[in-house]
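FYI, it's all coordinate maths here, none of it is from the lab. A quick note: this is a predicted structure, and the numbers were derived from the prediction, not measured. Glycine gets a Cβ as well: all are built from the backbone with ideal geometry, and neighbour counts include every protein chain shown.
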Amino acid sequence: MTQTFMLDGLAIPFEDGQTIMEAAIAAGHYIPHLCYHPDFTPYGSCKLCNVNVNGKICTACTFPAMEGQTVISESEEQNTDRQRITQMLFVEGNHFCPSCEKSGNCQLQGVAYHLKMTDDHFNHQFPHREIDASHPDILIDFNRCIFCALCVRASQEEDGKDVFAISGRGINKRLIINSDSGQLHDSELTVNDRATHICPTGAILIKHTAYQVPIGDRQYDHHSISEVSMEQDSSAP
Amino acid sequence: MNDFIVQLLEANGYRKTRLLAILRAIQATYFHIPKEAITLLSRLLGLPVSHIISVVDFYSFFHSTPRGQYDILFSDSITDHMQDKQNLMNYFSHQCQVGIGQVRKDGRVSLDNTACTGMCDQGPAALINGYAVPRLDRPKIDLIAKLIEQELPLAEWPETIFQVDDLIWKTGLLLNSRLEPGESLLAADARGLNATLNEIDQSKLRGRGGAGFKTALKWRLCASEPEQERFVVCNADEGEPGTFKDRVLLNRYADWLIEGMTLASLLIKSQQGFLYLRGEYLHLFEPLQAKLAERRRNGLLGDNILGKGWSFDIEICLGAGSYICGEESALIESLEGRSGIARNRPPYPVTEGYLNKPTIVDNVETFIAAAHIAIQGGNWFAAQGTEQSSGTKILSISGDTPQPGIYEVPFGTPISAILEDCLAEDVLGVQVGGPSGTFISNREFHRRLAFEDLPSGGSFIIFNRQRDILEIVRNFTHFFADESCGFCTPCRVGTILLSEQIDKLYDGYGSVGDIVALQELGHLLKTNSHCGLGQTAANPMLNTLARYPAIYQSKIKFPHFGPGFNLDEALQAARKIAHRDDSEAHLSQSGD
């Protein structure tokens with residue numbers, strides 16, 4: 001007998017061991033997310049995928065699907081909270097979409113479009129963060145890091161290198177690089193690594209590729225992140 | 001340095017899980033964690049450099065740049081402030097010629113703040129190279145300043161400087177009990193282990209840390225896991241501002257605690273226990289080690305306990321300044337030598353805890369209660385308290401009372417009776433259960449201490465009518481922002497935004513909109529945060545806003561208009577550059 005749970009009033013089938021996110025994606029339902037990626041161990045830090053499970057808020061990417069659960073994702077309440085959380089991500093770093101070369105291909109921006117975010121709502125923190133341009137092929141602008149740890153996980157789980165770590169605590173969290181100098185050129189990261197390509201914002205950029213596709217013709221300029229994400233996430237192995 | 005680190009690693013068996021202990025030793029020797037040390041540790045322990053840096057960065061007692069040979073941290077709890085902490089800190093700063101947050105040029109002394117040190121009954125307090133110094137006053141500071149100038153090692157300082165008292169004002173069911181070493185283990189053996197677990201079940205004992213999970217159920221769940229290796233962990237990391245009862249229990253009743261942990265090891269069939277001791281209680285580390293050694297000598301710990309073939313031992317692990325490590329899964333991460341970041345649940349620690357093996361994590365008071373229940377039976381305990389909260393609760397009472405200290409009261413006791421016990425007068429409100437608990441006003445003193453009404457891990461702070469509610473809330477809110485691990489977005493960013501919003505109101509720049517924003521932000525943190533810290537960080541504000549709306553309203557300077565910044569203050573930098581501070585260089589703004 002197939003097991004199911006209810007997601008926004010629809011019966012979603014699932015298998016033992018699947019999370020709410022995995023079951024939802026398999027059934028063709030988008031739940032906003034940034035730190036989740038089907039190829040890597042769920043992390044649960046961004047909290048965009050928070051859903052109401054039988055009255056309790058849980059991260060869909062880590063919480064197991066269970067028979068008879070009632071899950072609410074697409075409610076006004078959930079989406080308002082998601083919008084606020086996204087705004088928090090914008091104000092804690094320095095995100096200048098109009099001048100960022102990732103604009104139009106940025107998942108953070110794509111989620112903000114999806115959630116109809118029109119302003120930053122909160123006070124900007126304007127942290128002082130350096131840029132690491134030491135690597136010949138790759139650049140890191142720490143101003144745009146949202147601590148989703150996707151690069152950390154991709155480097156460990158797929159590249160087998162452990163190039164990144166997230167350090168510090170509270171608002172002083174920072175992405176660090178595993179090398180003696182602490183700089184990227186001294187690390188094992190290469191342009192072909194999965195970690196180089198996984199960043200959902202413009203924090204990790206590949207040099208000499210900017211603006212090859214003009215702004216206006218990019219991914220989220222023409223497709224919503226829900227479409228793009230569903231296509232990519234459900235095609236993952 | 002090479003030899004020092006190699007010896008240190010040998011003493012710790014080259015175990016990665018001992019990283020905190022290793023870093024503590026390096027910090028104590030070099031006054032910081034030098035870069036070379038990190039490189040060496042990385043090579044010798046087989047850990048990425050970034051992993052070690054992230055641990056150093058996470059804990060507030062580790063530093064990547066040198067602190068003074070005498071590193072002074074003033075406790076920043078609200079009760080310390082009520083005991084004139086700020087003036088004394090300024091006095092210290094002046095006497096030792098060292099700025100707050102700075103290291104003196106000669107490298108001899110450094111001064112900074114730290115979160116509540118668990119000395120609220122004898123504050124204001126500080127830590128000197130990690131060792132607690134309670135009851136600070138000017139003569140004591142003068143003496144300390146003199147000793148620092150003489151460069152006298154801490155070990156040669158007068159013991160009175162570090163004298164910590166056990167102030168016990170009221171005892172009850174537990175503290176009136178007696179327990180001969182080994183007595184509860186023999187009682188459990190005579191009754192049968194399963195029957196003993198049934199007695200604990202019958203006692204209706206719930207975890208004393210605050211969450212109140214049924215102890216017998218937790219232990220049974222852990223014991224029933226198929227995995228054979230299981231762990232007993234004592235959470236002695238009470239970090240809730242205003243809590244210090246574990247400090248007294250660990251000092252006076254260590255035998256009872258170790259007995260309780262050993263009992264638990266029999267019941268869940270574990271051979272290894274850990275006592276996670278908060279870093280602020282460094283002064284208890286050696287006495288506790290001595291107690292463990294004594295029990296090993298007496299056949300109460302180690303192999304073949306009491307000649308019955310039981311095997312169990314306990315290792316003490318010291319924290320390094322992080323409130324979040326009191327959360328059980330963050331504590332486990334810390335025990336494993338990592339940053340204290342709460343894990344995703346499920347799985348819960350009873351199924352996947354320390355090293356992903358079944359683990360019970362319980363509070364000091366819980367283990368002590370279990371040991372006594374094993375002797376006296378479940379009904380003895382259940383006879384006191386209420387339907388859902390059996391037995392008694394040991395409270396740490398501080399703030400505006402002439403008798404701060406430890407009080408053991410039966411669950412169900414009204415708050416008014418507790419206030420009478422400690423002779424508190426003219427009370428405005430009480431923070432029950434610490435900042436993460438509930439702030440109640442003087443109209444609610446009929447309410448009862450119980451899981452059904454007001455649960456508490458032990459912190460009970462009394463405020464009289466002279467206290468400023470917003471100052472209290474501000475202190476608590478900044479505490480949470482400082483202690484947020486930063487893992488999840490709502491807590492990492494939300495606690496900072498909350499602090500800024502409250503500061504704005506406190507400084508007199510609030511509008512009506514700011515109060516609405518506070519409520520909205522508080523709700524967002526409560527519902528969306530990853531763990532208890534973020535979920536409760538807005539409690540002080542939400543609790544007091546609901547009870548004292550007029551106080552919040554009275555802080556509003558701009559009813560309809562909320563300036564984003566203070567125009568005059570923003571010109572400060574320009575005035576400094578222009579070397580002028582005359583009236584023409586100042587601007588007023590609408591509403592001034």
Practice prompt. Counting other Cβ atoms within 10 Å, keep those with at most 13, restrict to DSSP loop, and tell me which trypsin sites (Lys or Arg not before Pro) in segment B:110-217 are left.
Written response: B:Arg178
Discussion item. Could you work out the pair-distance distribution P(r) of segment B:206-282 from its alpha-carbon pairs, with 10 angstrom bin width and percents rounded to whole numbers?
Written reply: 17, 47, 30, 6, 0
Fill in: Estimated dipole of chain B in Debye, rounded to 20 [Cβ of Lys and Arg +1, of Asp and Glu -1, Cα centre]
920
Worksheet entry | DSSP bridge pairs, chain B: antiparallel proportion in percent, nearest 5 | 45
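How much of the DSSP beta bridge set in the protein assembly as shown is antiparallel, as a percent to the nearest 5?
60
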Fill in: Cα centre as origin, Lys/Arg/Asp/Glu Cβ charges: segment B:9-86 dipole, Debye
420
Discussion item. Let me confirm one metric for peptide A:161-168, namely the mean number of other chain beta-carbon atoms within 10 Å of its residues' beta-carbons.
Written reply: 6
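How big, on average over all directions, is the shadow cast by the Cα convex hull of segment B:1-133, in nm²?
For segment B:1-133, the mean projected area of the Cα convex hull comes to 8.5 nm².
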Discussion item. Quick check: Cα centre of segment B:246-297 to Cα centre of segment B:322-371, how many Å?
Written reply: 16
Worksheet item: In degrees, nearest 10, range 0 to 90: what is the angle between the Cα axis of helix B:2-11 and the longest Cα principal axis of chain B?
Response: 40
Discussion item. Using the basic label-point model (7 angstrom from Cα toward the beta carbon), what is the A:Thr190 to B:Arg108 distance in nanometres?
Written reply: 5.6
Worksheet item: Hey, what's the Cα Rg ratio for segment B:266-423 versus the globular rule of thumb, 2.2 N^0.38 Å?
Response: 1.22
Practice prompt. Provide, for q = 0.35 Å⁻¹, the log10 of I(q)/I(0) from a solvent-free Debye sum over equal Cα point scatterers in segment B:155-194.
Written response: -1.10
Practice prompt. Over segment B:442-520, calculate the relative contact order: mean separation of alpha carbon pairs under 8 Å at least 6 apart, over the residue count, as a percent.
Written response: 20
Discussion item. Can I get the semi-axes of segment B:494-592's equivalent ellipsoid? Compute them from the C-alpha gyration tensor as square roots of 5 times the eigenvalues, in angstrom, largest first.
Written reply: 32, 16, 9
Fill in: Quotient of C-alpha Rg and 2.2 N^0.38 Å, computed over segment A:71-160
1.25
Worksheet item: Among all the lysines, which ones have a C-alpha under 20 Å from A:Lys173's C-alpha, if same-chain residues fewer than 8 places away are not counted?
Response: A:Lys47, B:Lys35
Discussion item. Can you give the longest run of chain A that contains no trypsin sites (Lys or Arg not before Pro) sitting in a DSSP loop with at most 14 other Cβ atoms inside 10 Å?
Written reply: A:1-115
Worksheet entry | Over chain B, relative contact order from alpha-carbon pairs under 8 Å, at least 6 apart, % | 13
Item to complete: Work out from phi, with θ = phi - 60° and the Karplus expression 6.51 cos²θ - 1.76 cosθ + 1.60, the ³J(HN,Hα) of each residue of segment A:188-200, listed in order in whole Hz, and give x for Gly and Pro.
Response: 8, 5, 10, 5, 8, 5, 4, 4, 5, 9, 8, 4, x
Discussion item. Between B:Glu584 and B:Asp507, how high is the FRET efficiency from 1/(1 + (r/R0)^6) when r is the Cβ-Cβ distance and R₀ = 30 Å? Nearest 0.05.
Written reply: 0.75
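Taking 0.36 nm per residue of sequence separation and subtracting the Cα-Cα distance, how much length would be gained by fully extending the chain between A:Gln183 and A:Asp16, in nm to one decimal? If you can, show how the numbers build up before the last one.
Working: separation 167, 0.36 × 167 = 60.12 nm, distance 4.29 nm.
Answer, rounded to one decimal: 55.8 nm.
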Worksheet entry | Computed label-point distance, nm, for sites A:Gln212 and B:Leu143 using a 7 Å Cα→Cβ extension | 7.3
Discussion item. Taking only the Cα atoms of segment B:344-434, how large is their convex hull per residue, in Å³?
Written reply: 158
Item to complete: Classify segment B:423-513 as rounded, prolate or oblate from the Cα gyration tensor: take a ≥ b ≥ c as the square roots of its eigenvalues, call it rounded if a/c is under 1.5, otherwise prolate when a/b beats b/c and oblate if not.
Response: oblate
Practice prompt. Sort all Cα-Cα distances of segment A:24-107 into consecutive 5 angstrom bins from zero, then give the percent of pairs in each bin up to the one containing the longest distance.
Written response: 3, 13, 20, 24, 19, 12, 6, 3, 1, 0
Item to complete: Work out the mean other chain Cβ neighbour count within 10 Å for the residues of A:78-85 and drop it here as an integer.
Response: 3
Worksheet item: When N is the residue count of segment B:107-158, what does its C-alpha Rg come to as a fraction of 2.2 N^0.38 Å?
Response: 1.14
Practice prompt. Could you tell me which of the pairs B:Lys308/B:Lys357; B:Lys504/B:Lys555; B:Lys170/B:Lys393 are separated by over 19 angstrom between their Cα atoms in the structure shown?
Written response: B:Lys308/B:Lys357
Worksheet, complete the sentence: Volume per residue (Å³) of the convex hull spanned by the alpha carbons of chain A is 132
Worksheet item: Hey, what does the equivalent ellipsoid look like for chain B, semi-axes from the Cα gyration tensor as sqrt of 5 times each eigenvalue, largest first, whole Å?
Response: 40, 31, 23
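Rounded if a/c is under 1.5, else prolate if a/b beats b/c, else oblate: with a ≥ b ≥ c from the C-alpha gyration tensor eigenvalues square-rooted, which is the protein assembly as shown? Don't jump to the answer; show the numbers that get you there.
On the way: a/c = 1.39, a/b = 1.21, b/c = 1.15.
Rounded, since a/c falls under 1.5.
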Worksheet item: Assigning unit charges at the beta carbon (Lys, Arg +1; Asp, Glu -1) and nothing else, what dipole magnitude in debye, to the nearest 20, does segment A:44-106 show about its Cα centre?
Response: 140
Worksheet, complete the sentence: Within 10 Å of the Cβ of an average residue in B:339-346, the count of other chain Cβ atoms is 3
Item to complete: Can you tell me the FRET efficiency between B:Leu186 and B:Glu10 if r is taken as the Cβ-Cβ distance and R0 is 45 Å, rounded to the nearest 0.05?
Response: 0.70
Response to the item:
Note on chain A: contact order normalised by length, alpha-carbon pairs under 8 Å, 6 or more apart, percent, works out to 20
Item to complete: Could you work out the longest stretch of chain A that avoids the chymotrypsin sites (Phe, Trp or Tyr not before Pro) located in DSSP loops with at most 13 other Cβ atoms within 10 Å?
Response: A:97-210
Discussion item. Projecting each Cα onto the charge dipole of segment B:397-456 (Lys/Arg +1, Asp/Glu -1 at the beta carbon, about the Cα centre), which of B:Ala424, B:Pro435, B:Ile397 comes out farthest on the positive side?
Written reply: B:Pro435
Item to complete: Report the one residue of B:Ser511, B:Phe479, B:Pro540 whose Cα lies farthest in the direction of the positive end of the charge dipole of segment B:434-549 (charges on C-beta: Lys and Arg +1, Asp and Glu -1; origin at the Cα centre).
Response: B:Pro540
Discussion item. If I take R0 = 35 Å and measure r between the Cβ atoms of A:Ala133 and A:Glu157 in this structure, what FRET efficiency does the formula 1/(1 + (r/R0)^6) give, to the nearest 0.05?
Written reply: 0.85
Worksheet item: Rounded to a whole number of µm²/s, how large is the Stokes-Einstein D of segment A:118-237 at 20 °C and 1.002 mPa s, given Rh as the Kirkwood radius over C-alpha pairs?
Response: 134
Worksheet entry | Partner aspartates and glutamates for B:Lys269 [C-alpha distance under 18 Å; skip if fewer than 8 residues away on the same chain] | B:Asp189, B:Glu199, B:Asp201, B:Glu225, B:Glu227, B:Glu229, B:Glu259, B:Asp303, B:Asp313, B:Glu315, B:Glu352, B:Asp362
Discussion item. Need the list of aspartates and glutamates near B:Lys245 for cross-linking: C-alpha distance under 13 angstrom, and skip anything on the same chain fewer than eight residues off.
Written reply: B:Asp121, B:Asp165, B:Asp166, B:Asp237, B:Glu365, B:Glu408
Item to complete: Calculate the tail of P(r) for segment B:227-345: the fraction of all Cα-Cα distances greater than 23 Å, expressed in %.
Response: 31
